[in-house]
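Supplied in structure tokens, the structure appears directly below.
The values are calculated or read from the model by the stated rules, or taken from the named source; none is laboratory data. From a predicted model like this one, the values you see are computed outputs, not experimental measurements. So basically every Cβ, Gly included, is an ideal-geometry build from the backbone, and we count neighbours across all protein chains shown.
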Amino acid sequence: MSRHFLAEGLELSGGDRGVVAVVAVVALAALAVGYVLLKEVLAAGQGTPKMQDIAKAVQEGAAAYLNRQFRTLGIFVVIVFVLLFALPADDLAERIGRSLFFIVGAAFSATIGYLGMWLSTRANVRVAAAANEEGGREKATRIAFRTGGVVGMTTVGLGLFGAALVVLVYAGQAPKVLEGFGFGAALLAMFMRVGGGIFTKAADVGADLVGKVEQGIPEDDPRNAATIADNVGDNVGDCAGMAADLFESYAVTLVASLILGTAAFGVQGLLFPLIVPAIGVLTAVIGVYTTKAKAGENGLAAINRAFYISALISAVLCTIAAFTYLPSSFADLNGISDAVKSTSGNPALIASVAVIIGIVLAGIILWLTGYYTGTDHKPVQEVGETSRTGAATVILSGISVGFESAVYTALVIGAAVYGAFLLSGSTVVALFAIALAGCGLLTTVGVIVAMDTFGPVSDNAQGIAEMSGDVHGEGAQILTELDAVGNTTKAITKGIAIATAVLAATALFGSYQDAITQAIAKVGNIGGELPASFSNLVFSPNVLVGVVIGAAVVFMFSGLAVNAVTRAAGAIVFEVRRQFRENPGIMDYSVKPEYGRVVDICTRDSLRELATPGLMAVLAPVAVGFGLGVGPLAGYLGGAIATGTLMAVFLANSGGAWDNAKKLVEDGHHGGKGSDAHAATVIGDTVGDPFKDTAGPAINPLIKVMNLVSVLIAPAIVTFSIGDSASDPIRIAIAVVAALIIVGAVVVSKRRGTSITDTPAEAVSNGAA
């Protein structure tokens, strides 16, 4: 590990190392700010003893779930560690570093997720208590947002520190080692997203269908056995899952930026992507501390104002940094090829404009998603209006909102990608510009994470208030408003997470091309012309086959996630019905429901459902790459990125629109609670739950996991495809084994779902098995 040279043989100077060291210090400072915010949140009052008892039950359930999940995921981590070590690398140091930092990335992702869960389960009761106090709206908003600020600062701190550490230790080898770091973060985030999403929506759907629709009791009524599991799910799904998701977006975008930056800008391209998120640390602190709801002001307005302030400051400071650190001519860059040196243009201008494109993209998506999912805007109001004619029209109108919003969001993201690509005539520089746009978008990640965590904390706070019965009048109204705001902020952050996924995946797509080129160059005797899958990557029919398979995998992945919620929710419905039927005293509060049994069913079902989508994400690129070649694998990635973008936005915004349409009716519109319109929107919301909180968000890490797997296996595909080491039998055998494992996992998953509707007793047994 003493080698500190770039691929071109240039050594990092003392000044370069100084820049990286400063970045590492900034990362540690972010962790320190997070700790200060943590102490502030925990210093707030916790309300009545009854509120604290409910919060404690949620804390215990969430901790038990995540502890069991991490034990399950530990097996996957060990297996992937061994497989990564077996993949080709330039030398032993790079191989060891890639595998070790895979563990580091996974550990950081798990840490972020666990912190998000741990703190949110303690902040929820404090938000509920604050709403009951004088100045409750401002206090409750501040506590909820600063809870997210803790997680946000930890996200940027660990992500930036990990990347800086790799660059300090490995220098020129850093991009290859960082592939392992990003893969570890992405893989664990995907598992946490899927598992947490299944848990939270199984509990939520089961609670709503039996409690609201069948029994006619409020959403968080303590007589409903699924309410504790529902509140646990908010934390393990939304807080832990989304925190890990945004962390891996941060890490993977940095990985892609450093890989492409080294080729495009040399030494300065390796370091500038670290400078941009370091600036984001400062603006995140400003954003978190400037979020204050004025008297009578909607909480969303205060949060949006903080976001735009931090985004504007980021744009200005990143522009100054670009023109200060980067030269005005490619000829003045060190460690780049002669072809890039001859590129016309101003590196500083290209970098600054690319970063600004990413920041502007974040702002546009914030507005666009808020428009389609906010209660103050026409789309959600129209969905609420359709509740007067039944559940079918509610579902149809919500689907329409999702389809329409997906088109506009995809066009905006596509425009950003293409705009960044047009900044240079050199392909490698243009791809680096796309990666820098992703870095620009993520300068606001600290505020983005805070916005996301705000949602489940507010939701939990309202649940605790309703279950305890200790928050009344204005305090209850404040929590209802914050919950509606939280629904919108969650939808907004999902939209931004989707944008980061597309930018990172597009940049990784360029990294994949670079990996193929390098691998071909290292093959000794090619023995004639390249196979068709190498020499014609665009027009070969098998590339189109790859595109179709990539699109199909996104559909299958989404279907598996929604079906998993369906099965688990069915078990919850039967269990909650059983408790109402066998214990009539529950309705008059003389008998306490068995909350723990529902939590246990959710935990077991969600962990059992993890394997199939995870295996598909990791092994589908292996089957396509080794079976069809590098060209079809490129098509596969393109199909997955395009379809994943549209599908993720559609699912997220449909679900968000249905959820807030329900809030509109519950606020008194179209007949209010208990009306036929309310029942219709509850059905719409239950359909939307697995859309927006399970399948949709899980697509983000899915496309990045598949891209990273492709980058990692590209040298091995080349090795077994061309040159002296080519071996079609080995290559085909690997593809067949990967495909058979996927098919077997899907078959087992489908068979598991057939017994849920047999009888209530069997369904409960199946759910808890």
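Being in a loop (DSSP other than H, G, I, E, B) and charged (D, E, K, R) is the filter here; which residues of region 649-697 pass it? It would help to see each step written out before you state the result.
Quick first cut of region 649-697, residues in a loop (DSSP other than H, G, I, E, B) only: 667-668, 672-675.
Selection gives ASP667, LYS673.
Ok, one more. I'd like to know if region 223-233 contains one or more residues that are outside any helix (DSSP H, G or I), more than 21 Å from the chain's Cα centre (by Cα), crowded, with 24+ Cβ neighbours inside 10 Å and among the polar types (S, T, N, Q).
Initially, region 223-233 is screened for residues outside any helix (DSSP H, G or I), giving 223-226.
Add one more test, that the residue is more than 21 Å from the chain's Cα centre (by Cα), and what stays is 223-226.
From what is left, the residues that are crowded, with 24+ Cβ neighbours inside 10 Å are 224-226.
Next, only the ones that are among the polar types (S, T, N, Q) stay: 224.
Yes; the residues of region 223-233 include at least one that is outside any helix (DSSP H, G or I), more than 21 Å from the chain's Cα centre (by Cα), crowded, with 24+ Cβ neighbours inside 10 Å and among the polar types (S, T, N, Q).
Checking the condition closer than 30 Å to ASN304 by Cβ, free of Cβ contacts under 8 Å to residues at least 60 places away in the same chain and assigned to a helix (DSSP H, G or I), which residue from THR147, THR141, THR154, THR111 passes? Steps first, please.
Numbers: THR147 fails: free of Cβ contacts under 8 Å to residues at least 60 places away in the same chain; THR141 fails: free of Cβ contacts under 8 Å to residues at least 60 places away in the same chain; THR154 fails: free of Cβ contacts under 8 Å to residues at least 60 places away in the same chain.
Sole residue among the options that is closer than 30 Å to ASN304 by Cβ, free of Cβ contacts under 8 Å to residues at least 60 places away in the same chain and assigned to a helix (DSSP H, G or I): THR111.
Moving to a separate point now. Tell me which residues, restricted to region 209-220, are modelled with pLDDT of 80 or more, under 15 Å from PRO593 (Cα atoms) and either part of a helix (DSSP H, G or I) or not aliphatic (A, V, I, L, M) (or both). Give the steps one after another, and end with the answer.
Of the residues in region 209-220, the ones modelled with pLDDT of 80 or more are 209-211, 214-217.
Pick out the ones that are also under 15 Å from PRO593 (Cα atoms) and you get 210-211, 215, 217.
Across region 209-220, the qualifying residues are VAL210, GLY211, GLN215.
Criterion first (of a type in the set (A, V, I, L, M) and farther than 30 Å from MET153 by Cβ) does LEU436 satisfy it? Write out each step before concluding.
Numbers: of a type in the set (A, V, I, L, M): yes; farther than 30 Å from MET153 by Cβ: no.
No: the conditions fail for LEU436.
With respect to GLY18, determine if the residue is part of a helix (DSSP H, G or I), modelled with pLDDT of 85 or more and closer than 22 Å to ALA185 by Cβ. Talk me through it step by step, then tell me what you get.
On the way: part of a helix (DSSP H, G or I): yes; modelled with pLDDT of 85 or more: yes; closer than 22 Å to ALA185 by Cβ: no.
Spelling it out, it is not the case that GLY18 is part of a helix (DSSP H, G or I), modelled with pLDDT of 85 or more and closer than 22 Å to ALA185 by Cβ.
For region 282-305, what are the residues that are in a helix (DSSP H, G or I) and surrounded by fewer than 23 Cβ atoms within 10 Å (Cβ to Cβ)? Explain how you work it out, then say what you get.
If we filter region 282-305 for residues that are in a helix (DSSP H, G or I), which is where we start, we get 282-289, 299-305.
Within region 282-305, LEU282, ILE286, TYR289, ALA301, ALA302, ASN304, ARG305 qualify.
Is there a residue being in contact with a Ser or Thr (Cβ under 6 Å, 6 or more places away or on another chain), among the aliphatic types (A, V, I, L, M), at pLDDT 90 or above and closer than 28 Å to THR493 by Cβ anywhere in region 554-569?
Initial filter on region 554-569 (in contact with a Ser or Thr (Cβ under 6 Å, 6 or more places away or on another chain)): 554, 560-561, 565.
Applying the additional criterion that residues be among the aliphatic types (A, V, I, L, M) yields 554, 560-561, 565.
Subsequent filtering for residues that are at pLDDT 90 or above retains 554.
With closer than 28 Å to THR493 by Cβ added as a condition, the list becomes 554.
Scanning region 554-569 turns up at least one residue that is in contact with a Ser or Thr (Cβ under 6 Å, 6 or more places away or on another chain), among the aliphatic types (A, V, I, L, M), at pLDDT 90 or above and closer than 28 Å to THR493 by Cβ.
If we scan region 352-365, do we find a residue that is farther than 30 Å from THR686 by Cβ, touching a helix residue (DSSP H, G or I) at 6+ places or on another chain (Cβ under 7 Å), outside any helix (DSSP H, G or I) and of a type outside the set (A, V, I, L, M, F, W, C)? Give the derivation first.
In the first step, residues of region 352-365 are kept if they are farther than 30 Å from THR686 by Cβ; the result is 352-364.
Narrowing the set further to residues that are touching a helix residue (DSSP H, G or I) at 6+ places or on another chain (Cβ under 7 Å) leaves 352, 354-359, 361-364.
The next check asks that each one be outside any helix (DSSP H, G or I); those that pass are none.
There is no residue in region 352-365 that is farther than 30 Å from THR686 by Cβ, touching a helix residue (DSSP H, G or I) at 6+ places or on another chain (Cβ under 7 Å), outside any helix (DSSP H, G or I) and of a type outside the set (A, V, I, L, M, F, W, C).
Would you mind telling me which numbered condition in (1) in contact (Cβ under 8 Å) with a residue 40 or more places away in the chain; (2) closer than 30 Å to VAL457 by Cα GLY97 fails?
(2)
Taking region 716-732 as the region of interest, how many residues are over 17 Å from ALA86 (Cα atoms) and surrounded by 14 or more Cβ atoms within 10 Å (Cβ to Cβ)? Can you show your working first?
First pass over region 716-732, keeping only residues over 17 Å from ALA86 (Cα atoms): 721-724, 726-729, 732.
Those still in the list that are surrounded by 14 or more Cβ atoms within 10 Å (Cβ to Cβ) too: 721-723, 726.
Summing the residues that are over 17 Å from ALA86 (Cα atoms) and surrounded by 14 or more Cβ atoms within 10 Å (Cβ to Cβ) in region 716-732 gives 4.
Separate question: Of everything in region 342-362, what is free of Cβ contacts under 8 Å to residues at least 60 places away in the same chain and either of a type outside the set (Val, Ile, Thr) or buried (at least 24 other Cβ atoms within 10 Å of the Cβ) (or both)? Give them in sequence order.
Residues of region 342-362 that are free of Cβ contacts under 8 Å to residues at least 60 places away in the same chain, as a first pass: 342, 346, 348-349, 352, 360.
Passing the criteria: SER342, ASN346, ALA348, LEU349, SER352.
Being in contact with an Asp or Glu (Cβ under 7 Å, 6 or more places away or on another chain), farther than 26 Å from ALA256 by Cα and either aliphatic (A, V, I, L, M) or in a loop (DSSP other than H, G, I, E, B) (or both) is the filter here; which residues of region 466-517 pass it?
Scanning region 466-517 gives a single hit, MET467.
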